[in-house]
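Step one of this worksheet: look at the structure below.
The values are calculated or read from the model by the stated rules, or taken from the named source; none is laboratory data. All values reported here derive from a predicted model rather than from experimental measurement. Here the Cβ positions follow ideal geometry from the backbone for every residue, glycine too, while neighbour counts run over all protein chains shown.
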Amino acid sequence: MEEQRERMERIKRRKAQGLQDRYLYDYTFANDNGQNPVMEKAHAYVEHWKEAYRDNTGLLLFGDVGTGKSFFAGCIANALLDRDVPVLMTNFPSILNRLTGVFAEDRAAFIASLDDYSLLVIDDLGVERSTEYAMEQMFTVIDSRYRSKKPLIVTTNLKLEEIKNPPDLAHARIYDRILERCAPVLFSGKNFREEGARATKAAAKEIVSKE
Ligand SMILES: Nc1ncnc2c1ncn2[C@@H]1O[C@H](COP(=O)(O)OP(=O)(O)O)[C@@H](O)[C@H]1O
Ligand SMILES: [Mg+2]
């Protein structure tokens, strides 16, 4: 009983730490609308987590906006957190934010702390501004993860072609490591966000047209 309670407490703590945006709590298999066949791969990843962790197998989720990449990654994060696995789902803007105005040794400690997580999810790679500083920090994070030999999941709106043909060396150093460790998964389905917006508009119309 006591052990069970401690485990629950730990999981709750890990979730608060690992899912920094509130909306991520809703990205669960239980909330899957079943309309995206690629979600099967998210289930498979969780089922085969032991092997994925052992072999350092990550995923590169790419495709247009609204196709469910963050939802997919969030489902994996939640399912593994529920299994007591330390997961962090974050993005580069918040990592860069965290690193700004911080002493070099604290920066290094923070970046090293990202590797304490068994799974690191970096959502929306490529949206941050590619200043020299940002690129350097991004490289440090990705390279540190690469050397930790722990899995990484990346989501991005970039095309696979763009990732395979980076514009310069700074991008190439980052993308090469991601491509080496992360199996690409294409999201080619419909834009769920547009659908949501249509439903919202329809509902709003319904409300305002009521007498
Ligand atoms: N399989 C799914 N089941 C239910 N809702 C989904 C699913 N996939 C995506 N959504 C919803 O659709 C919207 C867009 O998905 P998101 O994962 O943010 O897209 P992307 O990260 O590819 O831009 C979000 O509101 C998300 O909750
Ligand atoms: Mg997204």
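Residues checked against (1) over 18 Å from the mean Cα position of the chain (by Cα); (2) under 26 Å from P86 (Cα atoms); (3) aromatic (F, W, Y):
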position	(1), (2), (3)
Q137	no, yes, no
D143	no, yes, no
R147	yes, yes, no
L158	no, no, no
L169	yes, no, no
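Of the residues S70, S94, which is within 16 Å of ligand 1 (Cβ to nearest atom) and under 18 Å from M39 (Cα atoms)?
Result: S70 is the single residue among S70, S94 that is within 16 Å of ligand 1 (Cβ to nearest atom) and under 18 Å from M39 (Cα atoms).
Taking the stretch 50-84 on its own, how many of its residues are away from ligand 2 (no atom under 16 Å from the Cβ), more than 12 Å from the chain's Cα centre (by Cα) and crowded, with 19+ Cβ neighbours inside 10 Å?
Residues that pass the stated criteria total 4.
Considering each of E132, E211, E136, E128 in turn, give the residue that is modelled with pLDDT under 95, acidic (D, E) and within 19 Å of D115 (Cα to Cα).
E136
Cβ-Cβ distance below 8 Å, separation of 6 or more or different chains: which pairs start in the stretch 4-28 with a residue that is more than 16 Å from ligand 2 (Cβ to nearest atom) and end on one that is of a type in the set (V, I, T)?
Final answer for the pair search is R14/V87; G18/V87.
Can you confirm whether the stretch 116-130 contains a residue that is under 23 Å from N31 (Cα atoms), among the acidic types (D, E) and in contact with a strand residue (DSSP E or B) (Cβ under 9 Å, 6 or more places away or on another chain)?
Yes, because at least one residue in the stretch 116-130 is under 23 Å from N31 (Cα atoms), among the acidic types (D, E) and in contact with a strand residue (DSSP E or B) (Cβ under 9 Å, 6 or more places away or on another chain).
In the stretch 89-112, which residue that is within 25 Å of K69 (Cα to Cα) and not hydrophobic (A, V, I, L, M, F, W, C) is surrounded by the fewest Cβ atoms within 10 Å (Cβ to Cβ)?
By that ranking, first place goes to N97.
Can you tell me which residues in the stretch 125-159 are within 16 Å of ligand 2 (Cβ to nearest atom), among the charged types (D, E, K, R) and surrounded by 17 or more Cβ atoms within 10 Å (Cβ to Cβ)?
E128
In the stretch 73-94, how many residues are out of contact with any strand residue (DSSP E or B) (no Cβ under 6 Å at 6 or more places or on another chain) and either closer than 27 Å to A197 by Cα or of a type in the set (A, V, I, L, M, F, W, C) (or both)?
10
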